1. Among Ala66, Ala169, Ala242, which one shows the highest mean-square fluctuation when the chain is modelled as a Gaussian network with alpha-carbon springs under 10 Å?
2. Return the inverse of the average 1/r over all pairs of distinct C-alpha atoms in the range 37-140, which is the Kirkwood hydrodynamic radius, in Å to one decimal.
3. Counting only heavy atoms of protein chains, what accessible area per residue, in Å², does the chain have with a probe of 1.4 Å?
4. In a Gaussian network model over the chain where Cα atoms closer than 10 Å are linked, find which of Ser285, Ser297, Ser25 has the largest mean-square fluctuation.
5. Please work out the Kirkwood hydrodynamic radius for the range 237-350, using every pair of different C-alpha atoms, and report it in angstroms with one decimal place.
6. Using only helices, what value at 222 nm comes out for the chain when you add -39,500 (n - 2.57) per DSSP H run of length 4 or more and divide by the total residues, to the nearest 500 deg cm²/dmol?
7. Over the chain, what is the relative contact order in percent, taking alpha-carbon pairs closer than 8 angstrom and at least six residues apart?
8. Calculate, in nm to one decimal, what Lys110 and Ser249 gain on full extension: separation in residues at 0.36 nm each, minus their alpha carbon distance.
Amino acid sequence: MSEAHTIDAAARGSGPRWGPRWWGSALAAAGLVVFGLSVTVLAGDGWAQAAAVVIGLAAAYLGLNALGRAVFGGSFDLLFWLCVGWVTVLAATAVAAPLLPLGEHQDIVKTLGTPGMAVPDLSTPHPLGTNNFGLDLLARVVHGARSSLVVSLGAVAIGMVVGGAIGIAAGYFRRGADATVGVLTNSLLAVPPLILLIALGTVLEPNLRNIALALSLLAIPSMIRMARASTMAFAQREFVVAADAIGASRWRIMTRELLPNVVLPLASYGMVMVSVLIVAEASLSFLGLGVQPPAPSWGNMIAEGEENDAFTRYPHIVLVPGITLFLTVFAFNLIGEKARKRWDPRQAKL
């Protein structure tokens, strides 16, 4: 009798596990089939293709999410892993861009025989289309990612090093040092970011190094406040008090006791700042103060849609870099928020 109960319980237990797996797999497969038909059979069919793309991707996402929850448990977050995959693929293609079999992204002399304003078509050598000079949009998006990632990651790295050092010193020493740093930080935060970037863009030569230095001024104040708050939260912990009691130097306490605990909140906040600075770099390039054409940047690619009202006739000129920019910013934001929830000290208040 007990054996029958065991078999019956096992049968009941297999239902909730295998049910979502089967229908999740079926829904994901159907969604991928619809998406495949949308980019092949319905290619160039306007709104019908766009609707099929949306329906196919939505069905594939719902199916894969249900399948992941059935396999890995209720805590599985497909959107997070899709964001991680997007950032990984984007970074890998940006690094390996010179080695990839991409079309011409910059030299218009090499594209004299290439049709301009070609629409996206996966069956052609230009799957995302071309711009008015015949330059391949896929290649420009990939090479533009190099500019955006180098500038934003460089600016965040400068902000973490400079802002983290100042914030730790201010949070540890307090008093006069804290007051001085607070005034300087609030002064930088009081300046409208776009006005500051435009002012710096008109003075500095528009190369990647100078753009990264200019954008780091947006990251430094926030990094100072984050490092200061985290330092104040950890400065009263037992391991810091014990190190001070046995005669450890202030330098040793800041570098050996406080820094390892402050760097994780800074790194998680830095992921969010990367998305902010990617938008800032694109804004500068859109205004003509960042990466200069014909070198590709997502911002100056979007600006190409303004020429001769190109966006109304060839919307892919703006949609291709715009969607790439949106997905990248969304991915960095989501990953950064997940990291902040895990590593931010709860008791630290800005």
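The values are calculated or read from the model by the stated rules, or taken from the named source; none is laboratory data. Keep in mind that what you see is a predicted model, and the values were worked out from it rather than measured. Note that we place each Cβ from the backbone using ideal geometry, even for glycine, and neighbour counts take in every protein chain shown. With ligands, DNA and RNA removed, areas are computed over all heavy atoms of the protein, side chains included. Shrake-Rupley method; radii C 1.70, N 1.55, O 1.52, S 1.80 Å.
1. So, out of Ala66, Ala169, Ala242, the one fluctuating most is Ala242.
2. In the range 37-140 this quantity evaluates to 16.3 Å.
3. Here the residues of the chain average 54 Å² of exposed surface.
4. Result: Ser25 has the largest fluctuation of those listed.
5. 17.3 Å
6. -24500 deg cm²/dmol
7. 17 percent
8. Taking 0.36 nm per residue and subtracting the Cα distance, the gain is 43.8 nm.
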